[in-house]
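Reviewing the structure listed below.
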């Protein structure tokens, strides 16, 4: 949605950025009586979101694995719901934390519902739980470490992340086209063609219920990131890279 970034409290007069807080509540006095004071509305979809898995990790040695997965899945789903990729009109990158949260929520669902979780599946879930929220950058198991039974999890996570990112890139491009003063420097038709191709590959992976090789899933994410870099930076090399990845996904 398009919102006015600067808000002013009707009670104490304080001003703050909605883009930073994601709330109409005054950070100084707590009043909900506030108004937007900017003349311009900008597309904004991202909200401040905490991704803290410490509580779920503390359950590992105290509770059954299903309960651990249930809690981890709740945290990951809540984080994904709050996140977006446009902040105050600026397109953001598809970040590793969002991607790890998507993968963890899918893995947690498998563990939570599974009647007989294998050692490899348990390891995979616990690896994600250990590092998905790492402050120095989340890590995920390498492509060749993902258990075969969990290939669909990586595939679905990649499709969900790339699909959400594609949708918001499309909205961002539409908003830029509506704003005559916003020169993005990109070839709009080339960008739309890339977004359409990305959507085709996302739909294919979803139709396969994520059951693709992990390297293929990672390539889908990389292609989405290339398209995003092209839109943000008008980087022709990024567009060429995206097209190359699309050809290898076909």
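A few comments on the model shown:
- When 123, 172 are arranged by Cβ crowding within 10 Å, least crowded first, meaning fewest neighbours, the order is 123, 172.
- Legend: ranking of residues 199, 121 from fewest to most surrounding C-beta atoms inside 10 Å; resulting order 199, 121.
- Answer label, with Cα extents along the principal axes in Å calculated from the coordinates and candidates (i) 80, 53, 38; (ii) 50, 42, 35; (iii) 57, 48, 29: (iii)
- Helical contribution to [θ] at 222 nm, DSSP H n ≥ 4, -39,500 (n - 2.57), averaged over the chain, rounded to 500: -18500 deg cm²/dmol
- Exposure proxy ranking, count of Cβ atoms within 10 Å, fewest first, for 25, 103, 164, 135: 135, 25, 164, 103
- The value of relative contact order for the range 47-109, using C-alpha pairs under 8 Å at least six residues apart, is 39 percent.
Rule-based calculations on the coordinates, nothing more; no lab input. It should be emphasised that the depicted structure is a prediction, and the values quoted were computed from it without experimental measurement. Positions of Cβ are generated from backbone atoms using ideal geometry, with glycine treated the same way; all protein chains shown enter the neighbour counts.
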